[in-house]
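Worksheet: the structure to be examined is printed underneath.
The values are calculated or read from the model by the stated rules, or taken from the named source; none is laboratory data. Keep in mind that this is a model prediction, so the values were computed, not measured. Don't worry about glycine lacking a Cβ; one is built from the backbone with ideal geometry, like all the others, and counts go over all protein chains shown.
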Amino acid sequence: MSDLASTPFEELRAHLLEHSVRRGDFTLKSGRRSSWFIDSKQTVCRPEAMVLVADAILAVAPPDATAIGGLTMGADPVAFVTAGVAASRGRMLKAFSVRKEVKDHGGGGRIAGALDAGDKVIITEDTVTRGTSLLEAAHAVIEAGAEPVLLVAVVDRGGTAAAMAAAEGLVFRSILSAPDLGFEFEGA
């Protein structure tokens, strides 16, 4: 298990195994087949696990971070619950979503929510296999004039996100990984 092996992280791991991990025959987004699937939203969106998720993200959050968000839908519950829990403890993190496409009406753009030029940003995701969603969100944040300071996933399923992030000069962390859940990495 990662260096975050404390009781709250073990509780998060147990919750993921009980509510989010499915065994069977699944086709992944990449088209590859797998004997297991993880729907982390089944953990991230349940009230008994929300604070566990937020605490885990906040434990690795750089102290100078001012905003948290990522590509909608995977990042939304993680970012918003983390910002809410942080605010309840006196740490102010703005929250935002990166749209998958540029909005062509209203204010336009890809960013929805609170993100300002100059913000130091945590880019998040519930589960990553390759890490492409994190990088897409990081690019949108950079285009908006903000600086990604950490890419973080609740679960790293694939084991390739750290290398992809490092190749672009970005730092990646995961709270838990496929091996932490009893599976091998399934990187593309």
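Of all residue pairs spaced 6 or more apart or on separate chains, those with beta-carbon atoms under 8 Å, a first member in region 162-188 that is in a strand (DSSP E or B) and a second member that is at pLDDT below 95 and aromatic (F, W, Y) are I175/F9; L176/F9; S177/F185. Any residue at all in region 179-186 that is modelled with pLDDT under 95, small (G, A, S) and over 14 Å from the mean Cα position of the chain (by Cα)? There is at least one residue in region 179-186 that is modelled with pLDDT under 95, small (G, A, S) and over 14 Å from the mean Cα position of the chain (by Cα). Exactly one condition in (1) surrounded by 16 or more Cβ atoms within 10 Å (Cβ to Cβ); (2) under 22 Å from E11 (Cβ atoms) is false for A140; which is it? A140 satisfies every listed condition except (2). Take the conditions (1) under 19 Å from M73 (Cα atoms); (2) free of Cβ contacts under 8 Å to residues at least 12 places away in the same chain; (3) aliphatic (A, V, I, L, M); I122 misses just one of them, which is (2).
Output yes when any residue across region 97-114 is under 23 Å from R32 (Cα atoms) and at pLDDT 95 or above, and no when none is.
Within region 97-114, not a single residue is under 23 Å from R32 (Cα atoms) and at pLDDT 95 or above.
Can you find a residue that is more than 23 Å from A161 (Cβ to Cβ), in contact with an Asp or Glu (Cβ under 9 Å, 6 or more places away or on another chain) and part of a loop (DSSP other than H, G, I, E, B) anywhere in region 105-121? Checking region 105-121: at least one residue is more than 23 Å from A161 (Cβ to Cβ), in contact with an Asp or Glu (Cβ under 9 Å, 6 or more places away or on another chain) and part of a loop (DSSP other than H, G, I, E, B). Take the residues of region 112-137 that are on the phi < 0 side of the Ramachandran plot and out of contact with any strand residue (DSSP E or B) (no Cβ under 7 Å at 6 or more places or on another chain): which is surrounded by the fewest Cβ atoms within 10 Å (Cβ to Cβ)? My answer is A117.
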